[in-house]
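*Asks:* Have a look at this one before I ask anything.
Here, each number is a calculation from the coordinates, and none is a lab measurement. In this text, all values refer to a predicted model and were calculated from it rather than measured experimentally. Backbone-built Cβ (ideal geometry, glycine too); neighbour counts: all protein chains shown.
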Amino acid sequence: MKMDYFMAPDGTYWESNLGGTLLTIIFVAIMTWGCAKLITLIIPMRVSKQAENVGLDQSEHGESVDYTARP
């Protein structure tokens, strides 16, 4: 009997791997959402509307950059 290292002990391949992969994706999605919510309690994830209107370079770093191209 040829040993196939990608098969599960019961002879199935994709069924067992698909189930594990889906559980991993669900677990990671839930943990990512939970970590983002926990971080949001401490640090705001968005800037204010006024900071968006001014521009993040200016409001976050105090930088003023001229984006016009000069020959």
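*Asks:* Just the residues that are part of a loop (DSSP other than H, G, I, E, B) and either loosely packed, with under 11 Cβ neighbours inside 10 Å or over 27 Å from the mean Cα position of the chain (by Cα) (or both), please, taken from the range 53-69.
*Replies:* Initially, the range 53-69 is screened for residues part of a loop (DSSP other than H, G, I, E, B), giving 55, 62-69.
Listed by number, the residues that qualify are 62, 63, 64, 65, 66, 67, 68, 69.
*Asks:* Could you tell me which of the residues 28, 47 is in contact (Cβ under 8 Å) with a residue 12 or more places away in the chain and either touching a strand residue (DSSP E or B) at 6+ places or on another chain (Cβ under 7 Å) or of a type in the set (Val, Ile, Thr) (or both)? Spell out the reasoning first.
*Replies:* Details: 28 fails: in contact (Cβ under 8 Å) with a residue 12 or more places away in the chain.
None of the others qualify; the one that does is 47.
*Asks:* For the range 24-52, what are the residues that are assigned to a helix (DSSP H, G or I) and more than 17 Å from the chain's Cα centre (by Cα)? If you could, list the steps in order and put the result at the bottom.
*Replies:* From the range 24-52, those assigned to a helix (DSSP H, G or I) are 24-42, 49-52; that's our starting set.
Listed by number, the residues that qualify are 41, 42, 49, 50, 51, 52.
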